[in-house]
Amino acid sequence: MLADYVARGLKAGVVAGIAFGAFVALVATPLIRYAETFEHGHGAGPVVSETVTATVSVAGGVLLGILFGGVALGAAFYFLEPMIPGAAGTKSYVLAAAGFITVSGAPWLLFPPQPPGVEQALATDVRLTWYLAMMLVGGLGCGLSGYAYTRLRTSSGRPTAFIGALAAFALVPLVAAFGPANAASGPIPVELATAFRTITVAGQAGLWFVLASVHAWLLRRDRFDTPDDDDDEETALTDASGTVAAD
Amino acid sequence: MAISNNSVHGRIEQARMELSATQVAAGLALVAALGFALLFLQEPMVHDSMHNFRHAAGVTCH
């Protein structure tokens, strides 16, 4: 059964990965090349050609989609499905939103996406350690939020549960506030940097949205294919109302 | 089967029956290796090849 879930997640991941690969090729790469025209040649330059970077980067985009699909909407969905809030059709979106917050949203509070050429005050390994720590905190925040929602919904109703779920997320900015300051400066105009950031956020949000949509569709398809499903009941209902209308 | 399939605990128990420790270890190792190579590996050739992808994905890379 786990294998079926992972296979479904991987299928959604392939579709989302191809979409994100296309985004890297058609949107991000031209934008990065443009941003790089503001850089004043620093040092030796890249050790691989532009073509290699472009090709490997697109492949990386596809692989990222497959990785997210297999891990988040495959394995994690299998284990967490019973406790994810929402109806069958919305669970994929809830988990994808949690994936976005865990992988990108939480770390970005500390280190927002940067266009190329930006010099950052903190060393790379310090940033990577904090990036990983913020991913853990993001995941924890999502877990707490889901738990709070499920618990409060049965005891105090949906609005309170919603507030409780939001409150649980306070953990994430709270930890980020304790993170180190990372001054960033670069040759790129502020407007371009803002545009770059917006497009990067949209790219990741889009990747998770496609992932969730394809996953929800596959889930619906697979459940309707299995016999003894409520599909039959729906047909029976339509028939009954049809008879009434005919009368 | 005694275990309910509709709880997180039940799902974990079922996965324990379906998978061997080797399969779990191999799966986790594959995921960790791919994730690390895509997002964090700083080896110059990998770093430069992944440059556009990491900027596009918003990963802090250099």
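Here, each number is a calculation from the coordinates, and none is a lab measurement. Owing to the predicted nature of the structure, the values given are computational and were not obtained by experimental measurement. So basically every Cβ, Gly included, is an ideal-geometry build from the backbone, and we count neighbours across all protein chains shown.
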For the stretch A:48-131, would you read off the P(r) tail past 17 Å as a percentage of all alpha carbon pairs?
64 percent
Identify which of A:25, A:106, A:12 has the largest mean-square fluctuation in a Gaussian network model of chain A, with springs joining Cα atoms closer than 10 Å.
A:25
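Using helices alone, I'd like the mean residue ellipticity at 222 nm for the protein assembly as shown: each DSSP H run of four-plus residues gives -39500 (n - 2.57), total over residue count, nearest 500. Mind dumping the intermediate values first?
Working: 15 runs with 217 residues, N = 309.
The per-residue figure over the protein assembly as shown is -23000 deg cm²/dmol.
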Potential lengthening between residue B:17 and residue B:5 on full extension [0.36 nm per residue; Cα-Cα distance subtracted]
3.1 nm
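Quick check: convex hull of the Cα atoms in the protein assembly as shown, volume per residue, rounded to a whole Å³? Numbers along the way, then the final one.
Details: hull volume 57.2 nm³, N = 309.
Spelled out: Cα convex hull of the protein assembly as shown, divided by residues, is 185 Å³.
Using the number of other C-beta atoms within 10 angstrom as an exposure proxy, rank A:156, A:145, A:92 with the fewest first. All intermediate terms of the calculation are to be shown ahead of the outcome.
Details: A:156 12, A:145 23, A:92 28.
Lowest count first: A:156, A:145, A:92.
Provide the convex hull volume over Cα atoms per residue for chain B, in Å³. Walk me through the numbers on the way to the answer.
On the way: hull volume 7.1 nm³, N = 62.
Cα-based convex hull of chain B, divided per residue, equals 114 Å³.
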Pull out the extension gain between residue A:160 and residue A:183, defined as 0.36 nm times the separation in residues minus the alpha carbon to alpha carbon distance; nm, one decimal.
4.4 nm
So what J values fall out for the stretch A:59-72 if you push phi through Karplus, 6.51 cos²θ - 1.76 cosθ + 1.60 with θ = phi - 60°, rounded to Hz, Gly and Pro as x?
4, x, x, 5, 4, 4, x, 5, 4, 4, x, x, 7, 7
Be a star and scan the stretch A:156-198 for residues whose amide nitrogen sits under 19 Å from the point 7 Å along the Cα-to-Cβ vector of residue A:133.
A:170-184
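Estimate the FRET efficiency between residue A:4 and residue A:125 by the formula 1/(1 + (r/R0)^6), using the beta-carbon distance for r and 35 Å for R0, to the nearest 0.05.
Numbers: r = 40 Å, r/R0 = 1.13.
According to the calculation, E is roughly 0.30.
Report Rg/Rh for the stretch A:1-157, rounded to two decimals, where Rg is the Cα radius of gyration and Rh the Kirkwood radius.
On the way: Rg = 19.0 Å, Rh = 18.0 Å.
Checking Rg against Rh, the ratio lands at 1.05.
How would A:175, A:48, A:103 line up from fewest to most surrounding beta-carbon atoms within 10 angstrom?
Numbers: A:175 20, A:48 17, A:103 26.
Sorted ascending by nearby Cβ count, the order is A:48, A:175, A:103.
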Arrange the following residues from fewest to most other Cβ atoms within 10 Å of their Cβ: B:18, A:36.
B:18, A:36
